[in-house]
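Quick notes on the structure that follows.
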Ligand SMILES: Cc1ncc(C[n+]2csc(CCOP(=O)(O)OP(=O)(O)O)c2C)c(N)n1
């Protein structure tokens, strides 16, 4: 994590790792199909389409149909990876996700591409900042937010074999890798402790994880040792890791590229108030964004190193 | 701004057309206006390095005809309750809408330079809370027609005579919400409603007919209780006639057969130009082709 200040840290768009892994597993498992909504390019499915043209079902610009069709494919023995821009997949097809996928308990993998504010200047219609909130309310739907390519690859493999409906939030905004050892990048339902500390815990998900690590570095410089938890499974949440963090560090800052109502922060708070009440700050998106690039908007909402540091200092009263 | 010669019937070329012009002058004047809109679109997207140039250029003649020869709107009173309503359902073509609105006087043309810049009112998709003349915040495809149906019902309920026009993409018609709205409008005989399909036969990643077939498109609308007409989507007189033809108690669908990227040779009818951005040299070339 301590690259020399001059070295440029490599950053990743997770869609490539997603698409490569999907092709790999499709090669050995004929049940894998991809379903999309005129989104072959934006979901990086060109290679999949070349190799398995008949296993790519492009239903056109029709998200409700896309999820319903996937339920039929799952009923017929296939494992559909449903690939579309996260706002339209989860927003337009929400009831199909609830009923056709979750209530039917079918192994459909909903792949929300370019989530959060990745579409920047295209504006709130194209931002997927509500997905964590509205999908968390759906019974039996697993929610996974990989933070980097290694986690993405592992999450795709897990989802294909899980047998349950799941939502994978596949990031597009470039961020550094947070995985030290690819062999245990991701275990479903488990938080990764990326940094030990006892003064407070920063609980982050997705592209906020690398920013949490940067914040911890700054805090360490001020004598505050922060623990950093990467929550890549939002649902079911690793309650034990949250309770331990609350008990052992006594204060929690959460950070996510999503609305603060109902997302990661809300999920963590529900566990904390019940099992180990501790002061918290919930960082996230605060409403429809103004015009700006993805990075501009992350800064605008304080979803960066300095924003996390400020929240931590406020919690620690210093 | 263009310093072109004054039109025969007076005013400047960017004034809305008087009702009395003949077909030849209407064609001439709307053609010049459309060129200004196209030039503005190319400049905005070239500057922002973002945008949906293909669909902007295919819908330009429809927007020019509506705003400069058909719609009863007043840039000085953009929320006049009796105004005609124009809903751009294919909201990704905001650059064409913003250019048209500003050339029509809804806001200063100088603002167009802020397209997609931080904190600009001119987002990638239109926002009625920030931009005068925008009726609906669109972007996710398949929202405009239901809103248009509601607007037509509202006119009926108020005993008002405003008309509602909705500009749709053809790929967009794959969204089921359009057909729910079409059925509703047909059932209710909403003859103040006009749906205009920008039939450029391309969507984001491929041709519409190779993705999810739409033809026979006019027959589909007729089956839903609409009158449907087809016309050349770049012939301003033909568009004008289609938009203003007398009604027969049914909503009207105008299928405007168009070319995605119309007006710039290297962009025309190429799927990759859905949201590709022209290089500075390509912007120069495009502006040369779009000579005044
Ligand atoms: C609900 C929804 N799904 C997907 C998209 C992504 N998208 C933006 S434009 C577009 C293609 C639109 O094609 P068409 O309606 O034919 O417009 P045009 O070719 O005129 O630009 C797609 C798929 C979207 N904006 N909304």
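Throughout, read-outs are computed from the coordinates displayed, never taken from laboratory work. If you're wondering where the values come from, they're calculated on a predicted model, not measured in any experiment. We place every Cβ from the backbone using ideal geometry, glycine too, and count neighbours over all the protein chains shown.
Some points to look at:
- Exactly one residue out of A:84, A:77, A:60, A:41 is more than 23 Å from the chain's Cα centre (by Cα), closer than 29 Å to residue B:274 by Cα and not in a helix (DSSP H, G or I), and it is A:60.
- Whichever residue in segment B:210-245 is closer than 21 Å to residue B:61 by Cα and assigned to a loop (DSSP other than H, G, I, E, B) and, among such residues, is nearest to the ligand (Cβ to nearest atom): B:233
- Among the residues of segment B:201-213, not a single one is away from every other protein chain (no Cβ under 14 Å), over 25 Å from residue B:23 (Cβ atoms) and surrounded by fewer than 16 Cβ atoms within 10 Å (Cβ to Cβ).
- Counting the residues of segment A:93-116 that are touching a helix residue (DSSP H, G or I) at 6+ places or on another chain (Cβ under 8 Å) and away from the ligand (no atom under 16 Å from the Cβ) gives 8.
- Count of residues meeting criterion [within 10 Å of the ligand (Cβ to nearest atom) and not in a loop (DSSP other than H, G, I, E, B)] in segment B:256-276: 3
For every residue, the table says whether it meets (1) crowded, with 24+ Cβ neighbours inside 10 Å; (2) touching a residue at least 60 places away in the same chain (Cβ under 8 Å).
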{"residue": "A:146", "(1), (2)": "yes, yes"}
{"residue": "A:149", "(1), (2)": "no, yes"}
{"residue": "A:177", "(1), (2)": "no, yes"}
{"residue": "A:182", "(1), (2)": "no, no"}
{"residue": "A:244", "(1), (2)": "no, no"}
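- Residue match in segment A:204-215 (condition: touching a helix residue (DSSP H, G or I) at 6+ places or on another chain (Cβ under 7 Å), closer than 30 Å to residue A:27 by Cα and assigned to a loop (DSSP other than H, G, I, E, B)): no
- Extreme residue, nearest to the other protein chains (Cβ to nearest Cβ), among residues of segment A:50-66 that are free of Cβ contacts under 8 Å to residues at least 12 places away in the same chain and within 11 Å of residue A:33 (Cα to Cα): A:53
- Across segment B:153-209, the number of residues qualifying as more than 16 Å from the ligand (Cβ to nearest atom) and either outside any strand (DSSP E or B) or more than 23 Å from residue B:67 (Cβ to Cβ) (or both) comes to 21.
- Residue check for residue A:256: buried (at least 21 other Cβ atoms within 10 Å of the Cβ) and under 30 Å from residue B:129 (Cβ atoms): yes
- Being surrounded by fewer than 23 Cβ atoms within 10 Å (Cβ to Cβ) and within 12 Å of the ligand (Cβ to nearest atom) is a property that does not hold for residue A:139.
- Candidates in segment B:17-67 are the residues that are surrounded by fewer than 24 Cβ atoms within 10 Å (Cβ to Cβ) and part of a loop (DSSP other than H, G, I, E, B); of these, the one that is nearest to the ligand (Cβ to nearest atom) is B:50.
- Of all residues in segment B:110-121 being at the interface with chain A (Cβ under 9 Å from one of its Cβ atoms) and without any contact (Cβ under 8 Å) to a residue 40 or more places away in the chain, the one that is surrounded by the fewest Cβ atoms within 10 Å (Cβ to Cβ): B:119
- Given (1) within 22 Å of residue B:165 (Cα to Cα); (2) in contact with a strand residue (DSSP E or B) (Cβ under 9 Å, 6 or more places away or on another chain); (3) in contact (Cβ under 8 Å) with a residue 24 or more places away in the chain, index of the condition residue B:244 fails: (2)
- Residue B:141 vs. criteria surrounded by 17 or more Cβ atoms within 10 Å (Cβ to Cβ), more than 7 Å from chain A (Cβ to nearest Cβ) and either assigned to a helix (DSSP H, G or I) or under 18 Å from the mean Cα position of the chain (by Cα) (or both): no
- The single residue among B:228, B:189 that is more than 14 Å from chain A (Cβ to nearest Cβ) and under 22 Å from the mean Cα position of the chain (by Cα) turns out to be B:228.
- Residue count for segment A:11-38, restricted to those that are under 17 Å from residue A:182 (Cα atoms) and in contact with a strand residue (DSSP E or B) (Cβ under 8 Å, 6 or more places away or on another chain): 4.
- Unique match (being more than 20 Å from residue B:234 (Cβ to Cβ) and away from every other protein chain (no Cβ under 14 Å)) among B:69, B:48, B:77, B:59: B:77
- On the stretch given as segment A:103-140, residues that are in a helix (DSSP H, G or I) and closer than 16 Å to residue A:169 by Cβ total 7.
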